[in-house]
Amino acid sequence: MTGEHYFSVDPAAPAQSRQIDFDVAGRQVRLESSSGVFSAGRLDLGTALLLRKAPLPGPDTTGALLDLGCGYGPITITLALSAPKATVYATDVNRRALDLTRANAVSVDADNVVVGEPTEIPDDVRFDQIWSNPPIRVGKAELHTLLETWLPRLAPGGTAWLVVARNLGADSLQEWITARGFPAHRHASGKGYRVLRVDPHNH
C-alpha cells in the first residue's frame, strides 16, 4: 500500500497470513507471517546472515536478551529456543508484528518470551545481548534515536549484534555508533550485508 511501511504502527493493508519455515536450534519451526510486516514472505537475507554468523546464546545463557524491531519474530524465536533459561524481550512499533511474535512464541512453546511495544519494556531492564536487523528505512534521524535509546541499556559486558545492508550505510553507521562511545566492529560480511558487534563503553 502506497505510503505504508513495515514500521507503521497499525498497518492498514488487510492481513494475509503466510507461513515461513526455517531451522533453529536443531529443529525446524514454522512461523506465521503476514502482509504489513517486515519481510513478510521469507526469512530476510540480512536476518538469516545475522543468525548464521553471530554466535547464538547457548542453553546455559541466562539474563535478558532483546530483539529490537522483532517483526514477526524469527530472531526472537531463535534466541528463545537457543537460550531457554534467558528472558527474551521482543519489541516493535508495528502492532501486527507484535501479535505475530506472541503467537509464534506460543506455537513453539517458547514461554521465555516477553513481547511489548517499546514503552512497555520495563525501564529498569538491562540487556546482556541486543539483537537487531534495524529499520534503516525509517530515516537516519529516527534510526539514530532508536539506537541512542536502546544501546545504553546494554548491561556491563553486554554485546549488541546488528545486521545492516552495505548499500544502506552499514559502514557509516558503524562509524557513527563508535563515535557515540559504543565500539562497533565488523564481525562478518555476506550477501551485501555487514554483521556488526557493538560493545558498550563500559565493556
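The values are calculated or read from the model by the stated rules, or taken from the named source; none is laboratory data. A quick note: this is a predicted structure, and the numbers were derived from the prediction, not measured. Virtual Cβ from ideal backbone geometry, glycine too; neighbours counted across all protein chains shown. Side chains are part of the model used for accessible areas, which takes the heavy atoms of the whole protein and leaves out ligands, DNA and RNA. Shrake-Rupley method; radii C 1.70, N 1.55, O 1.52, S 1.80 Å.
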Legend entry - Separation in nanometres of the label points that stand 7 Å from Cα toward Cβ, at ARG95 and VAL138: 1.7 nm
Inset, instruction - Take every Cα pair under 8 Å in the range 76-190 that's 6+ residues apart, average their separations, divide by the length, and report that relative contact order as a whole percent. - result: 20 percent
Legend entry - Difference of contour (0.36 nm per residue) and Cα-Cα distance, LEU45 to ASN112: 21.5 nm
Inset, instruction - In nm, give the distance between the simple-model label positions of ASP23 and SER172, each being 7 Å from the Cα along the Cα-to-Cβ direction. - result: 3.8 nm
Inset, instruction - Sort all Cα-Cα distances of the range 13-69 into consecutive 5 angstrom bins from zero, then give the percent of pairs in each bin up to the one containing the longest distance. - result: 4, 14, 20, 25, 20, 11, 5, 1, 0
Legend entry - Over the chain, relative contact order from alpha-carbon pairs under 8 Å, at least 6 apart, %: 18 percent
Legend entry - Antiparallel bridge percentage (DSSP; both residues within the chain; nearest 5): 55 percent
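What's the carbon and sulfur percent of the range 48-203's accessible surface, probe 1.4 angstrom, rounded to a whole number?
Values: 3260 of 6670 Å².
Carbon with sulfur: 49 percent of the solvent-accessible area.
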Legend entry - Per-q log10 I(q)/I(0), the chain, q = 0.15 Å⁻¹ (Debye; single scatterer per alpha-carbon; no solvent): -0.89
Legend entry - In sequence order, calculated HN-Hα J values of the range 170-178 (Karplus, 6.51, -1.76, 1.60; Hz; x Gly/Pro): 4, 5, 5, 5, 4, 5, 5, 4, 4
Legend entry - Whole-number accessible area per residue in Å² for the chain, which is evaluated in the context of all protein chains at 1.4 Å: 47 Å²
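Show me the ranking of peptides 53-63, 151-161 by mean Cβ neighbours inside 10 Å, starting with the highest.
Details: 53-63: 14.6, 151-161: 18.4.
Listed from highest to lowest mean packing, they are 151-161, 53-63.
Ranked highest first by average number of other Cβ atoms within 10 Å, how do 32-38, 117-123, 92-98 line up?
Working: 32-38: 20.9, 117-123: 11.4, 92-98: 22.6.
Ranked from most to least packed, the peptides come out as 92-98, 32-38, 117-123.
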